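The values are calculated or read from the model by the stated rules, or taken from the named source; none is laboratory data. Computed from a predicted model, the values in this text were never measured in an experiment. Cβ placement follows ideal geometry from the backbone for every residue including glycine, while neighbour counts extend to all protein chains displayed. Accessible surface is based on the protein model in full, side chains and every heavy atom, while ligands, DNA and RNA are left aside. Shrake-Rupley method; radii C 1.70, N 1.55, O 1.52, S 1.80 Å.
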Amino acid sequence: MASIRELLAARDAGKTICPSEAARAVGGEDWRDLMQPARDAAHELVGLGEVEVTQKGEVVDVTRARGPVRIRRKG
């Protein structure tokens, strides 16, 4: 969760990150194994009211979304 928070803090309001950016920040070359944990962390942050997960610009439930998603600060 910290990686997602840090990446979003470095972005302008309304800008998004990909879960893979958080996975890469934590896992380096082994980031692919961290994709599901990154999506899980995004889900936790949604529950805390900190972020929204989007797909094609629409807010989605990351636990049900298939394919690429983006994460943005809520607000």
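Okay, here's what the table says:
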item: Any chance residue 8 is assigned to a helix (DSSP H, G or I), among the hydrophobic types (A, V, I, L, M, F, W, C) and without any contact (Cβ under 8 Å) to a residue 60 or more places away in the chain; result: no
item: Residue, farthest from residue 15 (Cα to Cα), within the stretch 32-75, restricted to residues that are touching a residue at least 60 places away in the same chain (Cβ under 8 Å) and open to solvent by 50 Å² or more (accessible area, probe 1.4 Å); result: 75
